[in-house]
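What follows is a set of notes on a single structure, which appears directly below.
The values are calculated or read from the model by the stated rules, or taken from the named source; none is laboratory data. Just so it is clear, the structure is predicted and the values come from calculations on it, not from any experiment. In this analysis, Cβ positions are derived from the backbone assuming ideal geometry, glycine residues included, and neighbour counts consider all displayed protein chains. Note: areas computed on protein heavy atoms with side chains; ligands, DNA, RNA excluded. Shrake-Rupley method; radii C 1.70, N 1.55, O 1.52, S 1.80 Å.
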Amino acid sequence: MTKNLKSARSTTADTDRVQSVQNTVRSIITDVRQRGDLAIREYSKQFDNWAPANFALNHDQIDAIIATVPDQVLADIRTVQDRVHTFARHQRNSLADFEIETEPGVLLGQKSIPVGSVGAYVPGGRYPLVASAHMTVVTAKVAGVERVTACTPPIRGEIPAATVAALHLAGADEILLLGGTQAVAAMAVGTESIGKVDMLAGPGNAYVAEAKRQLFGTVGIDLFAGPTEVLIIADEHADPLVVAVDLLSQAEHGPDSPAVLITTSETLGQSVIALIEKLLIDMPTADFAAPAWRDHGEIIVVENLEAAYVLADSYACEHVQILTRNPREALDKMRNYGALFLGEGTCVSYGDKVIGTNHTLPTGGAANYTGGLWVGKYLKTVTYQEVTDPAASAALGQLCGRAARVESFEGHARSGDIRAHKFGGASLSWIH
């Protein structure tokens, strides 16, 4: 039995807007393919009022920009990047190459090879997402990516100094002040001055997300990312003020960001509703948080925590926060989430900004089938095979011949036959 204290508004998808975004992105990508640097310069001038002689920053420019960043900001960037690096390094160390002998003379192996180059996009706009530099670039470098090209847009004609500092300290090999679809397209297809990359990573607005979708296949991508989501599971022991604050902390990402509370306590749910309305009155980011809560906020009362876990799994939410007496229980009870935040001592904002795990996570139900950005996303897990025993190759050849002919693959069968003949003396009926 469930009870909805607050439901999301029923909104019809704005198909016209979606189609407009798709068409605009397709046009820009095509133009960048055809006209290269000239196209990206025109779009950068149009959208960001930014058209320098060279979008890429040289070493002297980077040093001068970093010199303008306060010492405390630089120290904090280094602290957070060290945490991201530590966690990513443990992830990388968990991926061991191996080789096994499955039978005498048959060797099978697996290796994890980093992609050669990555294009890291760090958004600007209203929120210069400095932390995205840590998540995309540090993780790529720990994975062993040789070349990381980073793009971030100017903000109202100004250089985002803290973001540039973060990209440099993270290890970006090239930093370009270039934003939007034109930046993503330039990295994916290459231009006269911007080298083509093998993979794109990082968040962005609807145009950047659509550009990544359209370019997938031309390059790899980390994942498809939509509006930020948060879901909180809370019991009667939770502090309603903490719940309200944490819901709004994610609603401020944008007016289309879902914020959901599933609770076993109707009293808590009612308190959270009242507190959110109060907090929104003078919240500096209420222009985003208020419509997000109004249109996409939900509060659902369930009978017990078992029901809460089941319901939460059906959302497959990006961020799931557990504010219960025994939060670690969720580790065994839940399976569909981008990242799990256990107990009052942590919060989604820690994951977004400072704690060390990656904040690029699946949205829109994608947590049903994938996790978020991690070292493994930058690695190609490949296999190799070697047969050193002639008898083993002869036996495999005979098996391959039979198996391939079941599927009418005569060429495959003959590859097996020739080895059965060469190493085992089998006759070849197809040679005359």
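What about Ser265, is it in contact with a Ser or Thr (Cβ under 6 Å, 6 or more places away or on another chain) and polar (S, T, N, Q)? Taking the combined requirement at face value, the residue does not satisfy it. The number of residues in the stretch 38-71 being closer than 19 Å to Val184 by Cα and open to solvent by 30 Å² or more (accessible area, probe 1.4 Å) comes to 13. Here Tyr337 fulfils each of the conditions (1) of a type in the set (Ser, Thr, Tyr); (2) open to solvent by 30 Å² or more (accessible area, probe 1.4 Å); (3) out of contact with any Cys (no Cβ under 8 Å at 6 or more places or on another chain) apart from (3). Those helices (runs of 4 or more DSSP H) of the stretch 299-418 in which at least 1 residues are touching a Lys or Arg at 6+ places or on another chain (Cβ under 8 Å), considering only elements entirely within it, cover 305-315, 390-406.
Among the conditions (1) over 20 Å from Ile273 (Cβ atoms); (2) open to solvent by less than 40 Å² (accessible area, probe 1.4 Å), the only one that Asn326 does not satisfy is (2). Looking only at the stretch 83-131, filter to residues that are of a type in the set (S, T, N, Q) and touching a strand residue (DSSP E or B) at 6+ places or on another chain (Cβ under 8 Å); which one of those is farthest from Val184 (Cα to Cα)? Here the residue is Thr102. Name every residue in the stretch 1-37 that is aliphatic (A, V, I, L, M), exposed (fewer than 14 other Cβ atoms within 10 Å of the Cβ) and in a loop (DSSP other than H, G, I, E, B), in order of residue number. The answer is Met1, Ala13. The residue pairs whose first member lies in the stretch 39-67 and is under 16 Å from Gly179 (Cα atoms), whose second member is part of a helix (DSSP H, G or I) and open to solvent by 30 Å² or more (accessible area, probe 1.4 Å), and whose beta carbons are closer than 7 Å, counting only pairs six or more residues apart or on different chains, are Ala51/Arg41; Ala51/Lys45. Summed over the stretch 244-276, the residues that are among the aliphatic types (A, V, I, L, M) and in contact (Cβ under 8 Å) with a residue 40 or more places away in the chain give a count of 6.
Select, from Gly376, Gly372, Gly365, the only residue that is closer than 30 Å to Ser94 by Cβ and touching a Pro at 6+ places or on another chain (Cβ under 9 Å).
Working: Gly376 fails: touching a Pro at 6+ places or on another chain (Cβ under 9 Å); Gly365 fails: touching a Pro at 6+ places or on another chain (Cβ under 9 Å).
Sole residue among the options that is closer than 30 Å to Ser94 by Cβ and touching a Pro at 6+ places or on another chain (Cβ under 9 Å): Gly372.
For the stretch 221-255, taking the residues that are crowded, with 17+ Cβ neighbours inside 10 Å and over 20 Å from Cys347 (Cβ atoms), the one that is modelled with the lowest pLDDT is identified as Ala225. Across the stretch 290-311, the qualifying residues are those that are hydrophobic (A, V, I, L, M, F, W, C) and over 22 Å from Ala238 (Cα atoms), and the one among them that is most open to solvent (accessible area, probe 1.4 Å) is Ala290. Remark: pairs (first residue in the stretch 376-402, of a type in the set (Ser, Thr, Tyr); second residue in a helix (DSSP H, G or I); Cβ separation under 6 Å; 6+ apart in sequence or on different chains) = Tyr378/Ala140; Tyr378/Ala143; Ser393/Arg419; Ser393/Phe423. Only one of the numbered conditions (1) of a type in the set (A, V, I, L, M, F, W, C); (2) open to solvent by less than 70 Å² (accessible area, probe 1.4 Å); (3) within 23 Å of the chain's Cα centre (by Cα) is violated by Ile355, and that is (2). Quick check on the stretch 72-97: of everything there that is part of a helix (DSSP H, G or I) and charged (D, E, K, R), which residue is least open to solvent (accessible area, probe 1.4 Å)? Going through the qualifying residues, I end up with Arg92. When restricted to residues that are over 18 Å from Ala391 (Cα atoms) and open to solvent by less than 60 Å² (accessible area, probe 1.4 Å), the stretch 403-429 contains 3.
With the requirement that a residue be among the β-branched types (Val, Ile, Thr) and without any contact (Cβ under 8 Å) to a residue 12 or more places away in the chain, what does the stretch 92-112 give you?
Taking the stretch 92-112 and keeping what is among the β-branched types (Val, Ile, Thr), we get 100, 102, 106.
Within the stretch 92-112, Ile100, Thr102 qualify.
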